[in-house]
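Read through the structure below, which is laid out as structure tokens, and then see the notes.
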Amino acid sequence: MVYHIGNTVVNIPESIDEFNKTSARYMMEQVNKKPDSVMGFATGGTPVGAYRELIELYKSGRISFEMVKSFNLDEYYPIKKDNSQSYFRYMNENLFNHIDIKPENVHLPCGEAVDPNTECDAYEKKIIAAGGIDFQLLGIGTNGHIGFNEPDDKFPCKTHLVGLNQSTIDDNARFFDSRDEVPRKALTMGIKTIMSAKKILFIASGANKAAIIKEAFFGDITPHVPASVLQLHTSVIIVLDEAAAADIKDKLE
Ligand code: F6R
């Protein structure tokens, strides 16, 4: 079903299969409309199914990434590229190895950088040199983070080094053998970097996201709920599963 918050379209597909297909379809529409799109990609559990769908669309000849440039939102710091939980590896395994994107057009903040601040400045410059992000895929943390912009007293601006909150470490421990192995820091695009994207596809699934989705889209705009800044973006598309939409369903038009 399709609902609205003001002018923002909120898709609530009936199954997880449709959730993944809907999310992938928005990305395909962007690339087919502008084959040299600069795509901002996210990691985490939520987009895995959408990436799987994108791979299927590629295999069936309905999309090509030959001219696409990509920039990922974030990467743990420090982390080796070949670590099984690096976002570098995640993107290769879940998407890039299976499509025709050119390796030289793929960008992630480097978790192996000797100087993280230099790496962040260089990353921000590369995004600007590419003409900015046309289409940014976003998930949301249970604490409201987007990218790894954690709740704070102010919105961080550009790509930067961040200390992960305990709640993020706890949430992401499920991907690692133990909580102790979760890196305590990350490199992430800033809120301004994200908000400069021309279009944003926001996706969330699962009951553990329901409360924060309500705060993000119906609460105050505050750096304590970083995703709430999206209320100020003029081109956001939302895709939620039923569980993530549970607390806002009665507020949708
Ligand atoms: C990942 C990212 C994060 C995740 C968020 C949700 O690149 O930027 O903001 O989108 O932590 O993660 P999952 O999908 O695992 O619930």
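The values are calculated or read from the model by the stated rules, or taken from the named source; none is laboratory data. The structure presented is a predicted model; accordingly, all values stated were derived computationally and were not measured. Cβ sites come from the backbone with ideal geometry, for glycine too, and all protein chains shown count toward neighbours. Accessible surface is based on the protein model in full, side chains and every heavy atom, while ligands, DNA and RNA are left aside. Shrake-Rupley method; radii C 1.70, N 1.55, O 1.52, S 1.80 Å.
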| said: Tell me the accessible surface of Lys69 in square angstrom (1.4 angstrom probe, heavy atoms of protein chains only), to the nearest ten. | reply: 80 Å²
| message | Rounded, prolate or oblate, given the Cα gyration tensor of segment 39-162, with a/c below 1.5 counting as rounded? | response | prolate
| Residues of segment 145-161 with amide nitrogen under 15 Å from the 7 Å Cα-to-Cβ point of Asp220? | 152-155
| said: Taking 8 Å as the Cα distance limit and 6 or more residues as the minimum spacing, I'd like the relative contact order of the chain as a percentage. | reply: 24 percent
| Hey, what D do you get for the chain in µm²/s if you plug the Kirkwood alpha-carbon radius into Stokes-Einstein at 37 °C and 0.692 mPa s? | 181 µm²/s
| request: Compute the accessible area per residue over the chain, keeping the other protein chains in place, probe 1.4 Å, unit Å². | output: 45 Å²
| message | Between segment 44-86 and segment 1-37, what is the separation of their alpha carbon centroids in Å? | response | 17 Å
| message | Taking the square root of 5 times each eigenvalue of the Cα gyration tensor, what semi-axes in Å does the equivalent ellipsoid of segment 180-253 have, largest first? | response | 22, 18, 12
| Karplus couplings for segment 212-220 from phi (6.51 cos²θ - 1.76 cosθ + 1.60, θ = phi - 60°), rounded to Hz, Gly and Pro as x? | 6, 5, 5, 4, 5, 9, 10, x, 5
